[in-house]
Every structure is written in structure tokens, then in C-alpha cells.
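Accompanying notes for the structure given below.
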Amino acid sequence: MIKTSADLRQAFLDFYASKQHQVVSSSSLVPGNDATLLFTNAGMVQFKDVFLGAEQRSYTRAVSSQRCVRAGGKHNDLENVGYTARHHTFFEMLGNFSFGDYFKEDAIKYAWEFLTDVLQLPKEKLLVTIYETDDEAFDIWAKQIGVPAEKIIRIGDKTAGKKYESDNFWSMGDTGPCGPCSEIFYDHGEHIWGGPPGSPEEDGDRFIEIWNLVFMQFNRHQDGTMEPLPKPSVDTGMGLERISAIMQNVHSNYEIDIFQNLIKATAQLLHCNDLEHKSLRVIADHIRSCSFLIVDGVMPSNEGRGYVLRRIIRRAIRHGHKLEAKGHFFHKLVAPLIEQMGQAYPELAQQQAVIEKILRIEEEQFGRTLDRGMMLLEDILSNLNGDTVSGEDVFKLYDTYGFPADLTADIARERQLKIDQNGFDVAMGLQRERAQQASQFGTNYNEQLKTDKHTNFKGYTNHNFSATVVELFNS
Ligand code: ATP
Ligand code: MG
Ligand code: MG
Ligand code: MG
């Protein structure tokens, strides 16, 4: 019986290898081939040029388990963490790919075989969505696989105002490869709130999307016309944590092996007895994204990718504060993370000292202003007229105490309040001078590591910084 996340990852790779797929390693979270993309957010990212025909490989079928971060840019699940059972900032996406090789029929057959034969999932708990006009996919699901028609749901284009997008048409960009999707959902049972995809209650967590099959079928031109691709392709993605939850008979991703062990380690460190506390889940999520981002060379900073990392770290520290953490705790979670994931990702253990050090520096810095910032924020919240924290107050917390606006928003949201984001942006613009002073909260890691007695760090010149540092730590 395949149960652990590690076994599932392996079973997936083995299954597709047995169908002549080349096993390809996960690529970096920092996309090497796409400057417009903040982080690698799907398995297909490393194959983008292959799909576009700009790069040739020696194989036409591939399978991977890709580390992904969705905490900014087009896919941002940061605000969902702690609120849904299924979203993380960092997760692993299992995917199989066909570069002009097999298409819809085999993509669907393989996926179904893996779920119902290899994993032995009960067919009656699965339902699928297709793009509203994709009769070809309907026929494969209905006639070849035997899914009852009422369990094949046609989904149209995005409905405005919906919290989660459920548009079943995928495109790489405004032009280029695009095509319909078919998604596979699992019904976790009546006791959980939520409705099937396409229904008004779909945002609930009863029916959880586990796998997205993308059929790259057309090439969209500048004028919007769509030309059928001579060799259509396939790109799929299934969240390892979501399929693990099903195989481990739990509802929430946070109840699976990897997370339970991390949550227990966090609880022990923070002396928290409530293992279901939301803050423990958030911290366990954040230690994964932060550690892996650092492994892939992202350094905390006040802009771009580095600022996303810093914001996640500060959110984790704030949740620790909420649990009344005594002292710095976040960097101490790197070791338990390595216990869980070190085997699949040896680079984690190789870079342990670097990750811990960087997280610790961030903790020390933010720790200096966090208490006072929280006091001010409590004061603001208790004297609030209405339900919105003013842009000026949000800005003051940012400028004086190093509170990123999204962190203030996160705290406000816990109390059913919100922040004036526009007002904050205006205050930022108006006081650019002062905002620049906020960079005093930044750290020059070059300087820090240079003065560290344990390293012979002599500075770095390229952005593949952590690899450089590792060499120095090991030397
Ligand atoms: P959802 O609708 O639940 O937000 P999605 O449609 O945004 O998911 P896709 O972009 O289709 O997700 O990604 C493919 C698969 O990756 C999903 O079916 C899911 O299993 C997994 N996945 C996506 N986002 C996350 C996340 N934030 N955390 C964990 N797994 C995820
Ligand atoms: Mg999503
Ligand atoms: Mg979806
Ligand atoms: Mg999807």
C-alpha cells in the first residue's frame, strides 16, 4: 500500500517511467529561462522552451516532481495558507509531459490508471471537469473511461468576482500555446462543507482538485485567432500533498506525514499543546518555502524575490509571536525539515548552516522591532473607527517597525478587519525618501558572512549566492 509522501512521489515517477517517460529532476525555484516569472510555480516551467519548440530534448515524454512556490505574481496562495485545507506557499507538483507525443486520450488514460489502479482510489469518489466545449475530452471520460456523465462537469471561462479561478482554459501567455484543461477532483465527504466545481459552494474544501491535465492544442496569434498545433502536447500537475492527504485518509494537507512531523516539532519548540492551531500550520508551511528559496539562491531583501522571502519569514515570526515564542525559533525548524525532506532534496542538508544563519539574522532583526510594532498595531486596532486600517498607519508600521503591508493585513484579517492598500501605496510614493531609510532593516549578507568567524567568506559576485556560500562553509 502506497502511503507516505515519499512513496507516493516515487510511485508516480516509477509509473510514468514504465510508460517510457524520462525522469527529470526538479529545477530551481528561480526560473532560469523566464525573467518575467517570480518563482517556478508549476512543473512545466522548466519545459517551456521545449513546448515552444525553441529547445530540443532527446526525449518526447517526461515526468518530474517539481518544487513550486506560489507566493506572488500570477499564482499567489500566500493569503490562502492557514485558511484552506489545500494551499501551501511551497508544494511539490507531480507532472507528466508529452512534447508532441501522446495527447488527450493517453493523458487521461494514464492519469486514471495511476489513480484507480496503482493507488486504488475508489472511482465513485472522483469527478472530473472539462472545458465547456471540449467534447473530445467528454467522450474519452464518458465512453473510454466510463465516468458517469453527471460526474463530468463542463466549466466555462472565469466568472468575475469568484475567489478561486476555475477557468478550464490554459494559456502560456497572451500568445503562444494554449488549450483546454481537464481537472480531477476528489470528494472528501459530506461532512465537509463545499460543493462540486462550478457550483456556488465550490470554494469549500469538500471537493478538492487533485490533478490538472492541460491539453496544449492551439497556438494563439496576436489577433486572437487560434491555429491548431501540428503536434499537440500535454502538461499535467498533481499536488503531492493533496494526493498524500487522500492516501493517508486525512482531509487537510496539514494532516499528512510531512506536515504533522513539522507541526509537532514547531509545537514542541513553542510549547503549544493545540496541534491544530492555525499558526502552527502557517509556520510549518513557511519554513518549507523559506528554506527552499534560500537553497535556490534567494536572499531576503527589500525588493523583488528577496522581499517575498522576507515577507514570508516575517509572517512566520509573527505567528510565533502570537504563540508567545520565547526567543528565536524559526531557524531551529530547518533541522526537522531536513528530517522530513532531506532524502528527496539532499541540497537542503548541504546548505543547512546557511539557511539557519540567514533565518536567524532575519529573526534577530525583526525581533528588535516586532514587540513595539505589535503594541502600536494593537493600539491602532482597538481605537479603529470602521473596519479599515488607514494607509498612513500601515505605512508607519512598515517604515518604523519593518511590518510589510501584507503582514499588517494578515493580522487585521484575523479580526475581520482590512487595510487601506491604496492609501499605503500613496504613502509609500509620497515618502519615498523615508521608505528608503527602511532599508536599515535590510542586511548586507555580504558583510555579515564576511565577518563570520566560521566562514572564510570573501564576498560574492554572482546571484547564485548560496551555492557559493556552501562551498565556503564546507571549505
Ligand atoms: P486550486 O484551484 O485548488 O487553487 P489550481 O487550479 O490553482 O488549484 P493548478 O494551477 O491547476 O492548481 O496546479 C496543478 C495542481 O497543483 C493542483 O491540481 C493541485 O493539486 C496542486 N496545487 C496547486 N496550487 C497548490 C498550492 N498552493 N498548494 C498545494 N498544492 C497546490
Ligand atoms: Mg489556485
Ligand atoms: Mg483550480
Ligand atoms: Mg487547476
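Note on region 307-385 and region 386-411: Cα centroid distance 18 Å, given to the nearest whole angstrom. Under a model in which nothing but the beta-carbon of Lys, Arg (+1) and Asp, Glu (-1) is charged, the chain shows a dipole of about 1240 debye around its Cα centre.
Rounded to the nearest 0.05, what FRET efficiency is calculated for residue 222 and residue 49 with R0 set to 22 Å and r the Cβ-Cβ distance? It would help to have the intermediate numbers written out before the result.
Values: r = 20 Å, r/R0 = 0.92.
About 0.65, to the nearest 0.05.
Net charge of the neighbourhood of residue 383, taken over other residues with C-beta under 15 Å away and scored Lys/Arg +1, Asp/Glu -1, is -3. Ordered by the count of other Cβ atoms within 10 Å of each Cβ, fewest first, 3, 322 give 3, 322.
Descending by average beta-carbon neighbour count within 10 Å, the peptides 194-204, 362-372, 286-296 line up as 286-296, 362-372, 194-204, the highest first. The slack in the chain from residue 378 to residue 400, taken as 0.36 nm per residue of separation less the alpha-carbon distance, amounts to 6.4 nm. Peptide packing: for 386-395, 62-71, the average count of neighbouring Cβ atoms within 10 Å per residue gives the ranking 62-71, 386-395, highest mean first.
The length gained on full extension between residue 421 and residue 59, counted as 0.36 nm times the residue separation minus their Cα-Cα distance, comes to 125.5 nm.
Taking only the Cα atoms of the chain, the ratio Rg/Rh comes out at 0.97, with Rh defined as the Kirkwood radius. Spin-label model, residue 171/residue 199: points 7 Å from Cα along the beta carbon direction are separated by 3.1 nm. From the Kirkwood radius over Cα pairs of region 129-219, Stokes-Einstein at 10 °C and 1.306 mPa s returns a whole-number translational diffusion coefficient of 114 µm²/s.
If packing is taken as the average number of other Cβ atoms within 10 Å across a peptide's residues, how do 236-243, 409-416 rank, most packed first? Each step should come with its number before you reach the end.
On the way: 236-243: 24.1, 409-416: 15.9.
Sorting 236-243, 409-416 by mean packing, highest first, produces 236-243, 409-416.
Using a cut-off of 22 Å between Cα atoms, the listed pairs 278/418; 74/332; 19/74; 3/143 include 74/332; 19/74; 3/143 as exceeding that distance.
Panel order for 8, 52, 377, by other beta carbons found within 10 Å of each beta carbon, from fewest to most: 52, 377, 8. Dividing the summed -39500 (n - 2.57) terms of all DSSP H runs of n ≥ 4 by the residue count of the chain sets its mean residue ellipticity at 222 nm at -12000 deg cm²/dmol. Each of 307, 16 was scored by other Cβ atoms within 10 Å of its Cβ. Listed from fewest to most, they are 307, 16.
Read-outs throughout are calculated quantities, based only on the coordinates presented, and are distinct from any laboratory measurement. It should be emphasised that the depicted structure is a prediction, and the values quoted were computed from it without experimental measurement. All Cβ positions, glycine included, derive from the backbone under ideal geometry; neighbour counts span all protein chains shown.
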